[in-house]
Every structure is written in structure tokens, then in C-alpha cells.
Amino acid sequence: MKLFTGKKVFYILPLILLGLGELFVFFPHFFFIVLTVGSLLIILTTKNLAAKNKKIAWPLFFYFPLIFFLASSLYETLIPNFYIVQLLIFINAYFVFIYFKNLYYFFRYGAPDRIDRLDTFLMAGSVLSVFFLASSIYGLPVFLGWSFWPLLALFSLAVFPLFFQPFILGNLNLKKNYLIFIVALLAFTQLTGVTYLLPFSFNILGLFSTIYFYLLFLIVRLFIRERLSWQLLKFPLFSSLAMIIILLLTARWF
């Protein structure tokens, strides 16, 4: 489809997702249809943009926008405030616009500056995706009475690719580095599970998990790039600990 191969795609797709988001707001029973159509469009767009560059393994590039779209949409179902939901729908569309705009120039022209932008963007978007997902799995047991532990297993599987998603722009040897990703995932899953026992709202618990992910992701990133040192790690480590302490002292307890 030419509509999803040209330069206009990174304008058209966000507008479609914006429309789908509004459809869900006013007609909640269309929720699963919205998720299905939005997901298919994201996958189709990624595939078509990469069609002219046979050297690119396009399936590596659709996971981030897909999980961001699904996670933010799921999180919207837990938010009762109409205006916050509208803000989330806009953020979703904006992130998709930025991602596919940079992806278009990367696929078509191999622009090196787009690699740097995508690298930073993928890291920021991955952190935000984890917040949406984590808050959702903490909130679903409260709102729907679901068991948390099966959700935790699904959550871990969904988050795992986000640990190495930004590295798809480089020459990452997964066979050489898979152990560090597994260790990071196990640590993250255990921390997320323990956090569930704290008596806070699902949003606060989601923030805790987001901090864990950010810190573990940063360690993995520095390790793979052979730059892991106390000098580079001490500021994010102390700032993360400070945020956790502030949340523990100021957040409202049930």
C-alpha cells in the first residue's frame, strides 16, 4: 500500500491512532477492535517502510511502537479522568509520529543523525512503556480482581525485548550478551513482584518499577558499551535511590 510507504506515513499513522483512541473513549466496547487495527497498522507501516532496504530486518523495529501503543491504551482504561485520557491519546500519537519520522529517514537514507535520535528516543519511550505496563498490572487486580502473579509473568515477557530494543541500531551480538539481559530481567521481575506487597496506589507502584527498569537498563547499556564505571553510575544510582525514598515518605498509603 503506497499510503504506508511514502513520507506522509508518519503524519497519517498518528492521526489514525488518534482517531482510534477517540473511538475507544466514546465507544468503550470497541476497545479490542481499536487495539487490533492499531497494531496491524503499526506492523504494516514498519514493513512497508523497510521494503526498499533488503538489508534491514524490519521485524526488529515494530516492537517498540507496538508495545507503546498497547501499553498506553491499556493504561488509559484505568484512568477515570477524561482530560488525562485525552492527554495520553495525544502522547501516544506524538510518540508514534516522532518514531516513524526518524525511522523513515533511517530506512531510506541511512542518516547517521537519525540513529542517535532513535537511540535516545527508544530509551525514553521504553521507560515510559514500562510505567504504563507496570501501573496496569498493579491496577488490574484492584479493578478486576485478577491474580497478580500470572500478570507479572506476562509483564516480564513484554518488558524483556525493551532491554535490548535500543541496541537494534548497532551491531549487537545477542549470543554474546544474552546473559546480562537475562540477569537484568530476573532482577527486574523480582523487584516488581516485591513492590506489589507495598500499600500504595497502582500509579506509585508503577513508578517504583519504572525506576528499577531505568537503573537496570542503564547498567546493561554501559556494560555492553564497555563503559560501566562508578563515575558514570553514581549519579543515576543516587538519584534513583533518592526518588524511591521520596516516594516512600510522601506517597499516600492505603
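The values are calculated or read from the model by the stated rules, or taken from the named source; none is laboratory data. Keep in mind that this is a model prediction, so the values were computed, not measured. Virtual Cβ from ideal backbone geometry, glycine too; neighbours counted across all protein chains shown.
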Next on the checklist: Filter region 129-145 down to the residues that are farther than 20 Å from Pro161 by Cα and in contact (Cβ under 8 Å) with a residue 40 or more places away in the chain and list them by number.
Outcome noted: Tyr138, Gly139, Leu140, Val142, Phe143
Checklist entry - Among the listed residues Leu152, Leu128, Leu179, Leu185, which satisfies the condition of being within 23 Å of Ile211 (Cα to Cα) and touching a Phe, Trp or Tyr at 6+ places or on another chain (Cβ under 6 Å)? => result Leu185
Item to check | Filter result for Phe143 (farther than 27 Å from Leu44 by Cβ, assigned by TED's automatic domain parsing to the domain that holds Phe188, out of contact with any Lys or Arg (no Cβ under 8 Å at 6 or more places or on another chain) and assigned to a helix (DSSP H, G or I)) | outcome: yes
Checklist entry - If you go through region 73-112 one residue at a time, how many are assigned to a helix (DSSP H, G or I), more than 19 Å from Phe160 (Cβ to Cβ) and not aromatic (Phe, Trp, Tyr)? => result 18
Checklist entry - Given the structure, is Ala187 assigned to a helix (DSSP H, G or I), surrounded by fewer than 16 Cβ atoms within 10 Å (Cβ to Cβ) and within 20 Å of the chain's Cα centre (by Cα)? => result yes
Checklist entry - Taking Leu87 and the conditions (1) surrounded by fewer than 21 Cβ atoms within 10 Å (Cβ to Cβ); (2) at pLDDT below 90, which numbered condition does it fall short on, given that it satisfies the others? => result (2)
Checklist entry - For region 218-245, which residues satisfy the criterion of being in contact (Cβ under 8 Å) with a residue 12 or more places away in the chain and either among the acidic types (Asp, Glu) or within 16 Å of Leu179 (Cβ to Cβ) (or both)? => result Ile219, Val220, Arg221, Phe223, Ile224
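Here is a yes/no grid of residues against (1) modelled with pLDDT under 90; (2) assigned by TED's automatic domain parsing to the domain that holds Thr250; (3) closer than 22 Å to Leu70 by Cβ:
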residue: Phe164; (1), (2), (3): yes, yes, yes
residue: Leu172; (1), (2), (3): yes, yes, no
residue: Val183; (1), (2), (3): no, yes, no
residue: Leu198; (1), (2), (3): yes, yes, no
residue: Ile204; (1), (2), (3): no, yes, no
Checklist entry - For region 202-214, does any single residue satisfy the condition of being surrounded by 15 or more Cβ atoms within 10 Å (Cβ to Cβ), more than 17 Å from the chain's Cα centre (by Cα) and assigned to a helix (DSSP H, G or I)? => result yes
